[in-house]
Every structure is written in C-alpha cells, then in structure tokens.
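Novice: Just dropping this structure here.
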C-alpha cells in the first residue's frame, strides 16, 4: 500500500450504474476532508456523467463509452486511446470501485498502482489480479458500506456509519431545465414517484402508485426514463387527479426536482437513491433485491416484500413486490410528510 502522504492524484473508476455511483459518491466529502489538496478524478460511462457533474470534490470528470463496444467492436480502439489520454495525469493511485473485469482493465490502462476489492468480495473475482492493494468486505454487506470502504481503505483511513448518517447532501446541479418548475406546487406537498427500474419484477404496480396518490392528495410527480415507463406515468396521471407525468428531463434536472421535493417514493433504482443522497425523505420499495442496498434513517424508509433474497443470485422472477399493501406505504408517507 502507498503511504497516503505519497498520494497527490487519484483516479476513481466507477463506471455504472446510477445507484452504485450515488452510493460511492458519499465517500468524496470525507476523502476531501481528510486530504484537502488531493486531486480526485472520476471515470464514468457517458450515460451517467450528469449524476457526478458539478460535484466540487471532483477535480476532473472523464467520460468513456464502453457500452458502445457491444454494438461496434472496432470502437474498443477509440476507447483505449481515450483512457490512455487520461493516464497522462500520472495518477499515484487508481481505485477500481466497480470490481468488474472491464473496470479492472480500465484501471490498468490508467496507472500502475491499483486498489480494489479482493477476489472474495466481488462477483468477477478475476478482476482482483489487476490490483496491487485489495480490500476485503463481504459481497452481501451493505452496498454503501462496501463502496465507502473500497474508496477509503486504500487511502489509509475509515469512514464510519455515523459519518455516513451525518453526511452533507452531495448531488449538485446547475442550469436545470426550467420546465420542472411548471410542475412543482407551491400549495401542496411535492411527492416524486419513481415507477421504473431495470427489471419488471422490481417495479411496484402502477395501480398501487395511483392508489397512493389518491390517498395522499398531494402533488405527485411521476418521473420516467423510457417509453415503457412513460406509459406507466401517463396511466397513473389518468387514474389520479393528484398525479402528473413529468416530461422527459435529463439527469441534471432530475437532481434538481428531487432536491425540491418533500418526499420520494420509488422502486430500488438509481433515481430513488438520489433522495437519500440529497437528504430528502424517501420510501424505497423492495421485492427481489436486498434492503441492505441502502441506509435506513429517520427520513429514509424501506418497505420489503415477504420473499427471501439471495445476494449472490437475485431472482428476476420474484414478483413478490406486487403483494406489498399500498396502505403500508400510504401510512409511512403520511408520517414522513407530517414529521
């Protein structure tokens, strides 16, 4: 392990996905507090660039487009050239906070000294052969704790649970789209609904979202990211006088609208985790994924279906989220709104 006094520049490789990026970002404020003059660069997939954009703790934010390689094999050469360009910063340490083979290769292209998870702490254990320094934390530990440890341990210090609970909001936006202000209410509570995720079995039914909107009687804004989610948003709008489908907005504007809300209710997915990052009250609804992806706090609550989850093999055919009684969420929401 390098002595922290010898480290002036680091690169963090955390390419995706949105929720994982958000969970890792919480460490930045504590790294900067410990090392005020440290240069922190971050390499991320271009589609998630705006999640990290405008963060004052990041010196340089660099985009890659590795997803393009699936469709265009020849683009791998362009991506390698791009990453080697970043390596000209001559990093003292590269931290692979992803733990995948592709992120390990990116890290290797960036610098000689690389830290990451050990082979027993990640899904793709082969990635650990690229690391000079490894961090051990069980794969089924809390996701936020895992991200924080892999970023702080190689720098020789700890970020504790209480630190995370006492965090400052850490998502930043600038020049957001003006249209969001046409949807925010000044007379009713603003509640964000996040109705989509990567698998259908992680999605709470649209009928129950509409029932929640009707029971709460506040300004419920439904955000969406693709056409399927847009259809759900419009259905909820049609079936509740309190619900409005938001227009298509970018991630910068999504950060803004979440920051100005009174409560967010959503599936276990990236936009839902933005509420926790911004210290906004939230209710995350879990079906086939484990609740220890998040921190439960006085204002950030979870509702979990009755199914048991195997961290090492998630069951995409577990639709138990459909069975969660919406009245549990309604009562929890009322308590948070009146708190």
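The values are calculated or read from the model by the stated rules, or taken from the named source; none is laboratory data. Treat the numbers as computed from the prediction; the structure is a model and nothing was measured. Because the Cβ atoms are built from the backbone with ideal geometry, glycine has one as well, and the counts that use them run over all protein chains shown.
Novice: Please give the helices (runs of 4 or more DSSP H) falling wholly within the range 81-195 in which 3 or more residues are closer than 26 Å to residue 337 by Cα and at pLDDT 95 or above.
Specialist: 161-165
Novice: How many residues, within the range 110-129, are crowded, with 18+ Cβ neighbours inside 10 Å and more than 20 Å from the chain's Cα centre (by Cα)? So that I can check it myself, show each step before the final result.
Specialist: To start, the set of residues in the range 110-129 that are crowded, with 18+ Cβ neighbours inside 10 Å comprises 110-111, 113-117, 121-122, 127-128.
If we keep only those that are more than 20 Å from the chain's Cα centre (by Cα) as well, we get 110-111, 113-115, 127-128.
Adding up the residues that qualify gives 7.
Novice: Could you count how many residues in the range 200-222 are out of contact with any strand residue (DSSP E or B) (no Cβ under 6 Å at 6 or more places or on another chain) and either crowded, with 17+ Cβ neighbours inside 10 Å or within 15 Å of residue 241 (Cβ to Cβ) (or both)?
Specialist: 10
Novice: I'd like to verify a number: residues in the range 279-292 that are surrounded by fewer than 22 Cβ atoms within 10 Å (Cβ to Cβ) and within 18 Å of residue 24 (Cβ to Cβ), how many?
Specialist: The number of residues fulfilling the criteria is 3.
Novice: Ok, one more. Name the residues in the range 296-313 that are in a loop (DSSP other than H, G, I, E, B) and either modelled with pLDDT of 95 or more or closer than 30 Å to residue 339 by Cα (or both), would you?
Specialist: Going through the range 296-313, the residues in a loop (DSSP other than H, G, I, E, B) turn out to be 296-299, 305-313.
Passing the criteria: 296, 297, 298, 299, 305, 306, 307, 308, 309.
Novice: Could you tell me whether any residue of the range 53-68 is modelled with pLDDT under 95, more than 22 Å from residue 278 (Cβ to Cβ) and either out of contact with any helix residue (DSSP H, G or I) (no Cβ under 6 Å at 6 or more places or on another chain) or not assigned by TED's automatic domain parsing to the domain that holds residue 194 (or both)?
Specialist: Taking every residue of the range 53-68 in turn, at least one turns out to be modelled with pLDDT under 95, more than 22 Å from residue 278 (Cβ to Cβ) and either out of contact with any helix residue (DSSP H, G or I) (no Cβ under 6 Å at 6 or more places or on another chain) or not assigned by TED's automatic domain parsing to the domain that holds residue 194 (or both).
Novice: Among the numbered criteria (1) surrounded by fewer than 18 Cβ atoms within 10 Å (Cβ to Cβ); (2) in contact with a strand residue (DSSP E or B) (Cβ under 7 Å, 6 or more places away or on another chain), which one does residue 33 miss?
Specialist: (2)
Novice: Only helices (runs of 4 or more DSSP H) wholly contained in the range 202-281 count here; list those with 3 or more residues that are within 28 Å of residue 53 (Cα to Cα) and assigned by TED's automatic domain parsing to the domain that holds residue 190.
Specialist: Filter on the range 202-281 gives 227-238, 251-259, 270-277.
Novice: Looking at the range 171-187, is at least one residue under 26 Å from residue 87 (Cα atoms) and under 19 Å from the mean Cα position of the chain (by Cα)?
Specialist: No, every residue in the range 171-187 fails to be under 26 Å from residue 87 (Cα atoms) and under 19 Å from the mean Cα position of the chain (by Cα).
Novice: Determine, yes or no, whether residue 313 is more than 30 Å from residue 138 (Cβ to Cβ) and assigned by TED's automatic domain parsing to the domain that holds residue 209.
Specialist: Working: more than 30 Å from residue 138 (Cβ to Cβ): no; assigned by TED's automatic domain parsing to the domain that holds residue 209: yes.
Criteria not met by residue 313.
Novice: State which residue is surrounded by the fewest Cβ atoms within 10 Å (Cβ to Cβ) when the search covers only the range 227-236 and only residues that are touching a residue at least 12 places away in the same chain (Cβ under 8 Å) and farther than 22 Å from residue 259 by Cα.
Specialist: 228
Novice: Still on this structure, I have one more. Yes or no: residue 90 in contact with a strand residue (DSSP E or B) (Cβ under 8 Å, 6 or more places away or on another chain), assigned by TED's automatic domain parsing to the domain that holds residue 124, loosely packed, with under 14 Cβ neighbours inside 10 Å and closer than 26 Å to residue 154 by Cα?
Specialist: Taking the combined requirement at face value, the residue satisfies it.
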